[in-house]
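Data block below; observations after.
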Amino acid sequence: MSTDKGIFITFEGPEGGGKTTQIQHLSQFIQQQGRQVVVTREPGGTGIGISIRNILLDPSFEEIDRRTELLLFLADRAQHVHEVILPGLEAGKVVLCDRFIDSTVAYQVAGRGFDPSLIAILNDFSAHQLKPILTFLLDVDYKTGIQRATRVYQDRFELEKQTFHERIRGQYLAIHAKEPDRMIKIETGVDSIDVIQSRIRDALIRTGLLS
């Protein structure tokens with residue numbers, strides 16, 4: 001979404017791709033261009049969302065049914081869009097979000113086996129029909145990504161088997177192949193944070209969204 005007021009950009013990718021770090025650096029860059037920025041995430045972008053996030057990521061909750069998991073993610077998003085994202089866009093800000101509807105496709109279709117058409121309907125409903133105008137896919141192989149993600153703590157998703165994570169990555173790559181104009185793939189497995197950030201900034205400048 002890009003209106004006369006705000007710009008909505010999301011970051012997606014497998015575990016350990018560096019989304020949080022790169023969003024923070026890009027936020028600083030955009031602010032230097034004179035734009036106000038909202039940095040947020042899913043799940044956990046609101047007070048309600050933090051409570052939902054704690055349930056979803058807690059590795060002790062092994063008994064969570066896949067339907068429960070899906071509905072918790074959707075509830076988090078509905079509140080998040082209502083409380084944070086739409087107000088930010090209406091105020092003319094650039095909203096940078098760590099995960100959004102593409103994560104639901106990757107994790108719930110490829111990871112949990114839900115029907116893609118069902119997820120498309122639920123994504124549209126929970127997101128208030130909102131879609132990002134630009135998405136950065138920070139791609140990393142399983143071994144590198146999971147080592148980064150689990151240096152201190154392993155959440156419920158990071159504890160999933162390698163085959164689960166490889167399906168997730170495959171789904172992201174399929175989305176990129178289908179929507180290459182919206183989703184820009186950036187490899188993050190080898191290069192430094194600064195080099196990756198430079199590529200992200202260059203790609204953003206080429207879109208003309210900040211002009």
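Name the trypsin sites (Lys or Arg not before Pro) in the stretch 1-60 that are in a loop by DSSP and that have at most 11 other C-beta atoms within 10 Å, would you? Answer in residue order: LYS5. Amide hydrogen proximity for LYS185: with H placed 1.01 Å from N in the peptide plane, the residues at 5 or more positions away or on another chain lying under 5 Å are LEU137. Among the chymotrypsin sites (Phe, Trp or Tyr not before Pro) in the stretch 130-201, those located in a DSSP loop and surrounded by at most 10 other Cβ atoms within 10 Å of their own Cβ are TYR153.
Starting from the Cα gyration tensor of the stretch 21-90, multiply each eigenvalue by 5, take the square root, and state the resulting semi-axes largest first in whole Å. Please report the intermediate quantities before stating the final value.
Values: eigenvalues 167, 40, 12 Å².
They are 29, 14, 8 Å, listed largest first.
Mind listing P(r) for the stretch 107-197? All alpha-carbon pairs, 10 Å bins, whole percents. With 10 Å bins starting at 0, P(r) equals 14, 39, 38, 10.
Only helical DSSP H runs with n ≥ 4 go in: add -39500 (n - 2.57) per run for the chain, normalise by residue count and round the 222 nm mean residue ellipticity to 500 deg cm²/dmol. Before the final figure, lay out each step's value.
On the way: 9 runs with 100 residues, N = 211.
For the chain, the value works out to -14500 deg cm²/dmol.
Using the Cβ of ILE30 as centre and a radius below 10 Å, the other residues enclosed give a net charge of +3, where K and R count +1 and D and E count -1.
Going through the cross-link list LYS93/LYS178; LYS19/LYS93; LYS131/LYS185, which pairs have a Cα-Cα distance over 26 Å in this structure? Write out the running numbers ahead of the final one.
Working: LYS93/LYS178 28 Å; LYS19/LYS93 20 Å; LYS131/LYS185 18 Å.
Cα-Cα > 26 Å for LYS93/LYS178; rest within.
Among the GluC sites (Glu not before Pro) in the stretch 76-164, none is located in a DSSP loop while being surrounded by at most 13 other Cβ atoms within 10 Å of its own Cβ. Coupling constants for the stretch 28-36 follow from the phi torsions by the Karplus curve (6.51 cos²θ - 1.76 cosθ + 1.60, θ = phi - 60°), and in residue order they are 4, 5, 5, 5, 5, 7, x, 9, 7 Hz; glycine and proline get x.
Using the alpha-carbon positions of the stretch 7-207, Rg (one decimal) and Dmax (whole number) come out as 16.0, 47 Å.
Taking 7 Å steps out from each Cα toward its Cβ at LEU71 and ARG35 produces label points 3.8 nm apart. Any chance you could tell me what percent of the C-alpha pair distances in the stretch 157-211 go past 18 Å? Distances greater than 18 Å cover 53 percent of the Cα pairs.
Taken together, the values in this text are just the output of simple stated rules run on the coordinates, not laboratory data. Source: prediction; values computed, not measured. With ideal geometry, Cβ positions are generated from the backbone for all residues, glycine too; neighbour counts draw on all protein chains shown.
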